[in-house]
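Shown next, in structure tokens, is the structure this report addresses.
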Amino acid sequence: MLPADSTRNIILIGMPGVGKSTVGVLLAKRLGFAFLDTDILIQVREGRSLQAIIQAHGAEEFCRIEERHILALALQAHVVAPGGSVVYRPKAMEHLRAGGIAVHLELGLERLKRRLGDVDARGVVIAPGQTVDTLYAERRPLYRRYADVMVATDGLTPDQVVGRILTALAPPPG
């Protein structure tokens, strides 16, 4: 799917805490691509943390802000790690996928909950009273809908996940 001379982007989608940023940096180094974490981009451009934006404007407005920043991107040869909530905005996902291949990094719910810790401090788009369990159930079908490739990450190191992504994206032999 990804020729060696490709300028297509690789978009890592999945729940917060699945390892998109960690794996993304390693994958970008292996491919000689640039890396972009859109959560950091949003924080820098908005001048405050994701959680501060969510607290000030609410989850829906945060998703609009996130979409605006995603739609302004014009990238080639990047590994992009968007926030887990990007799948709520079809236009944003269409824009990302137009220039790249979406790879869903999937992690089992129990391991994900151990990694996530305090979702409020992390700046996760989650409805008041919603649990990580229900958020996972809500988003999982969206990640699968937009994914060109799915990589299960349970029990793997970040380097092993990179290896699985590269294998999944390798052009077929012959």
Practice problem: Output the number of the condition that Q130 fails; it satisfies all remaining conditions of (1) exposed (fewer than 14 other Cβ atoms within 10 Å of the Cβ); (2) part of a loop (DSSP other than H, G, I, E, B); (3) not small (G, A, S). | Solution: (1)
Quiz item: Hey, among I126, I165, I101, which residue is within 22 Å of R64 (Cα to Cα) and touching a residue at least 24 places away in the same chain (Cβ under 8 Å)?
Solution: I126
Quiz item: Can you tell me which residue in region 1-30 is surrounded by the fewest Cβ atoms within 10 Å (Cβ to Cβ), limited to those that are within 16 Å of L169 (Cβ to Cβ) and at pLDDT below 95?
Solution: D5
Quiz item: With A121, A137, A168 as the choices, which residue is of a type in the set (A, V, I, L, M), part of a helix (DSSP H, G or I), at pLDDT 85 or above and surrounded by fewer than 14 Cβ atoms within 10 Å (Cβ to Cβ)?
Solution: A137
Quiz item: Could you list, in sequence order, the residues of region 100-118 that are crowded, with 17+ Cβ neighbours inside 10 Å and among the small types (G, A, S)?
Solution: G100, A102
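The values are calculated or read from the model by the stated rules, or taken from the named source; none is laboratory data. Here the structure is a predicted model, which means the values were calculated and not measured. Note that each Cβ is placed from the backbone with ideal geometry, even for glycine, and that neighbours are counted across all protein chains shown.
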